[in-house]
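Chemist: Below are the structure tokens for one structure; questions will follow.
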Amino acid sequence: MTKKEKINYIINTLEEYYPTVPIPLDHTDPYTLLIAVLLSAQSTDKRVNQITPLLFDRAMNPYQMIKLSVEEIRDIIRPVGLSPMKSKGIYELSHILIDNYNGEVPADFAALESLPAVGHKTASVVMSQAFGIPAFPVDTHIHRLMYRWGLSNGKSVTQTEKDAKRLFPEELWNKLHLQIIYYAREYSPARGWDLEKDIITKTVGRKTVIREYLSKKTRKI
């Protein structure tokens, strides 16, 4: 397969498997999505979706959020991990949104990345999922599959994002990054990976990855 044929095969297979892709983090607007994505760092979507209703019951917007103390926010979000940094970030960015953006989340990469506790990936998710602006947020799942599929060298998420944007059509980025995440979780996980069920990697995967998988499987037998 040529690289173009591989890309088309991946796009078509993902579209067949996941014609519709719900956004994994529960939210109602750009602000609640921003907070949910911030909370998801080094946590799971499932855990975040269990905690955000408790937080949003107290504060659904920055004006309500700043009425809580950092300690109150921390107590609510503690189960998602990294609560000292996240609670401080939520409190401070809520003040900034009120002071600088009339309480609204800006649809701008630079503005988002300047907010406390908001990195490039969080900004990319918000731009993509809240505002529909083309972005390709790279999480551990996408990073893993881009390497397994031989589309990136796996050295950094920054490089993986560049490669993904270069290889896949821009108009597909917002849906495709979610399709890859869903596929990775279901068919190509980091642990308990079964190549027989992972049709994409089995068809277009990096030869060294497949060789290593088969070698380990043989040793176990």
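Chemist: Taking only the range 53-84 into account, find how many residues are more than 23 Å from the chain's Cα centre (by Cα) and not in a helix (DSSP H, G or I).
Modeler: Residues that pass the stated criteria total 5.
Chemist: Restricting the first residue to the range 1-28 and requiring it to be closer than 16 Å to I200 by Cβ and among the charged types (D, E, K, R), which pairs with a second residue that is surrounded by 13 or more Cβ atoms within 10 Å (Cβ to Cβ) and modelled with pLDDT of 95 or more meet a Cβ separation below 7 Å and a spacing of at least six or different chains?
Modeler: Listed by first residue and then by second, the contacts come to K6/V204.
Chemist: Please pick out the residue among L82, L115 that is open to solvent by less than 50 Å² (accessible area, probe 1.4 Å) and either touching a residue at least 60 places away in the same chain (Cβ under 8 Å) or among the aliphatic types (A, V, I, L, M) (or both).
Modeler: On inspection, the qualifying residue turns out to be L115.
Chemist: Kindly indicate the residue of the range 17-40 that is in a helix (DSSP H, G or I) and open to solvent by 30 Å² or more (accessible area, probe 1.4 Å) and also farthest from L115 (Cα to Cα) among those meeting that condition.
Modeler: Y17
Chemist: With the checklist (1) buried (at least 16 other Cβ atoms within 10 Å of the Cβ); (2) within 13 Å of I142 (Cβ to Cβ) in hand, flag the one item L195 doesn't pass.
Modeler: Only one criterion in (1) buried (at least 16 other Cβ atoms within 10 Å of the Cβ); (2) within 13 Å of I142 (Cβ to Cβ) is unmet by L195, namely (2).
Chemist: Could you count how many residues in the range 130-148 are surrounded by fewer than 22 Cβ atoms within 10 Å (Cβ to Cβ) and touching a residue at least 60 places away in the same chain (Cβ under 8 Å)?
Modeler: 3
Chemist: Just name the residue that is nearest to S188 (Cα to Cα) out of those in the range 149-173 that are in contact (Cβ under 8 Å) with a residue 24 or more places away in the chain and open to solvent by less than 40 Å² (accessible area, probe 1.4 Å).
Modeler: Among residues in the range 149-173 that are in contact (Cβ under 8 Å) with a residue 24 or more places away in the chain and open to solvent by less than 40 Å² (accessible area, probe 1.4 Å), the one nearest to S188 (Cα to Cα) is W149.
Chemist: Would you be able to tell me the number of residues in the range 150-190 that are in a loop (DSSP other than H, G, I, E, B) and closer than 19 Å to Y18 by Cα?
Modeler: Number satisfying all stated conditions: 4.
Chemist: Select from the range 136-157 the residues that are farther than 18 Å from L14 by Cα and touching a helix residue (DSSP H, G or I) at 6+ places or on another chain (Cβ under 8 Å) and list them in ascending order.
Modeler: S152, N153, G154, V157
Chemist: Could I ask something else about it? Specify which of the listed residues (S43, S87) is hydroxyl-bearing (S, T, Y), part of a helix (DSSP H, G or I) and surrounded by 16 or more Cβ atoms within 10 Å (Cβ to Cβ).
Modeler: After ruling out the rest, the residue left standing is S87.
Chemist: Still on this structure: Hey, could you check the range 90-112 for residues that are open to solvent by 10 Å² or more (accessible area, probe 1.4 Å) and among the hydrophobic types (A, V, I, L, M, F, W, C) and say which is farthest from the chain's Cα centre (by Cα)?
Modeler: Among residues in the range 90-112 that are open to solvent by 10 Å² or more (accessible area, probe 1.4 Å) and among the hydrophobic types (A, V, I, L, M, F, W, C), the one farthest from the chain's Cα centre (by Cα) is I98.
Chemist: What are the pairs, 6+ residues apart or on separate chains, where a residue within the range 50-76 that is touching a residue at least 40 places away in the same chain (Cβ under 8 Å) and under 14 Å from T32 (Cα atoms) has its Cβ under 7 Å from a residue that is assigned to a helix (DSSP H, G or I) and not charged (D, E, K, R)?
Modeler: Note: pairs meeting the criteria are N61/Y31; P62/Y31; P62/S94; P62/L97; P62/I98; Y63/I98.
Chemist: When the range 108-117 is examined, which residues are found to be farther than 16 Å from G89 by Cα and touching a Pro at 6+ places or on another chain (Cβ under 8 Å)?
Modeler: Once the filter is applied, which keeps residues that are farther than 16 Å from G89 by Cα and touching a Pro at 6+ places or on another chain (Cβ under 8 Å), the range 108-117 yields nothing.
Chemist: From (1) within 17 Å of the chain's Cα centre (by Cα); (2) more than 20 Å from D198 (Cβ to Cβ), pick out the condition that doesn't hold for Y147.
Modeler: Status for Y147: all satisfied but (2).
The values are calculated or read from the model by the stated rules, or taken from the named source; none is laboratory data. Model, not experiment: these values are computed from the prediction. Every residue, glycine as well, gets a Cβ built from its backbone with ideal geometry; the counts of neighbours run over all protein chains shown. Accessible surface is based on the protein model in full, side chains and every heavy atom, while ligands, DNA and RNA are left aside. Shrake-Rupley method; radii C 1.70, N 1.55, O 1.52, S 1.80 Å.
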